[in-house]
Amino acid sequence: MSEQRNPCAPAADLPSANAPPPRLWRGGLWGVAALILALFALAPQRTVPPHLWRPLPRLGGHIHLGTAHDLWLHDQMGQPTPLSTFQGRVVVLTLWASWCPPCQEELSALLKMADFLHQSAAPVELVLVSWDEDMDALQGFLATLRRPQAPNVHLLLDPGGARTRHLGTRLLPETYLIDKQGRFLAHFPGARPWDTSPYLNWLETMAHLP
């Protein structure tokens, strides 16, 4: 049986009550300053007005910060496609699989959402990332879809979630919102009614931010 680590520091490592206060090196000060600047650079309020974050809890989402430009996937023809391909447009990135019943139900709402945003000229791309490992099953499911695919809908492949699992996905489906600069902004776990007014209005507003 492996030894369990004690989270408390050993007594020998604790400073004496009479010990002088530790010196804060100049390099440490510069490091703290750099960290603060980095946090301000990533802060959502720098790119999104605060009032646009208020609907997130009602929409079932939460703030999720990160960079998406280095995430490469493949399309149905096997061509590598980086998410930076969509830079300059807002991306709704949905992780799903054809064998997942909630994913199947949500897909219809997502396609309606994409069609509405395309018709309204909102600069939004829907990127559907399939975790399917059985390509025949995936193609069979796609063949059952009767709705025409809008030009702002893109299917990318990530069998088993090998490249996108690091985002923290536990249960499919999950959706991430990426801004025009290629930065993750929000995360929506589970299926959502994307074709309803609260989601469409929020996405339209987000899409027209600089």
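The values are calculated or read from the model by the stated rules, or taken from the named source; none is laboratory data. Here the structure is a predicted model, which means the values were calculated and not measured. Using ideal geometry, Cβ is built from the backbone for each residue, glycine included, and neighbour counts are taken over all protein chains shown.
Observations on the model:
- ARG146 being of a type in the set (Lys, Arg) and either within 21 Å of GLY78 (Cβ to Cβ) or buried (at least 16 other Cβ atoms within 10 Å of the Cβ) (or both): no
- Subset of the range 91-118 (residues that are of a type in the set (Asp, Glu) and either under 16 Å from SER130 (Cα atoms) or touching a helix residue (DSSP H, G or I) at 6+ places or on another chain (Cβ under 7 Å) (or both)): GLU105, GLU106
- Here PRO159 clears all of (1) under 13 Å from GLN76 (Cβ atoms); (2) touching a strand residue (DSSP E or B) at 6+ places or on another chain (Cβ under 7 Å) except the condition numbered (2).
- Tally of residues being in a loop (DSSP other than H, G, I, E, B), in contact with a Leu (Cβ under 9 Å, 6 or more places away or on another chain) and modelled with pLDDT under 95 across the range 131-147: 2
- Answer from LEU177, LEU126, LEU203 - the residue that is closer than 22 Å to LEU65 by Cβ, of a type in the set (A, V, I, L, M), without any contact (Cβ under 8 Å) to a residue 40 or more places away in the chain and in contact with a helix residue (DSSP H, G or I) (Cβ under 8 Å, 6 or more places away or on another chain): LEU126
- Qualifying residue in the range 175-192 (condition: surrounded by fewer than 16 Cβ atoms within 10 Å (Cβ to Cβ), under 20 Å from ALA97 (Cα atoms) and either within 13 Å of the chain's Cα centre (by Cα) or at pLDDT 95 or above (or both)): yes
- As for the range 101-118, it holds no residue that is in a strand (DSSP E or B) and not basic (Lys, Arg).
- TRP131 falls short on exactly one of the conditions (1) farther than 17 Å from LEU177 by Cβ; (2) surrounded by fewer than 18 Cβ atoms within 10 Å (Cβ to Cβ), and that condition is (2).
- In the set (1) in contact with a Pro (Cβ under 7 Å, 6 or more places away or on another chain); (2) part of a strand (DSSP E or B), the condition left unmet by GLU125 is number (1).
- Against the numbered list (1) among the aliphatic types (A, V, I, L, M); (2) assigned to a strand (DSSP E or B); (3) surrounded by fewer than 16 Cβ atoms within 10 Å (Cβ to Cβ), LEU156 comes up short only at (3).
- Residue among VAL153, VAL127 that is closer than 15 Å to LEU93 by Cα, aliphatic (A, V, I, L, M) and touching a His at 6+ places or on another chain (Cβ under 7 Å): VAL127
- Among the conditions (1) under 19 Å from MET206 (Cα atoms); (2) hydroxyl-bearing (Ser, Thr, Tyr); (3) in contact with a strand residue (DSSP E or B) (Cβ under 7 Å, 6 or more places away or on another chain), SER120 misses just one, which is (3).
- If the condition is being more than 13 Å from the chain's Cα centre (by Cα), surrounded by 13 or more Cβ atoms within 10 Å (Cβ to Cβ) and outside any loop (DSSP other than H, G, I, E, B), then the range 48-70 contributes LEU52, LEU56, LEU59.
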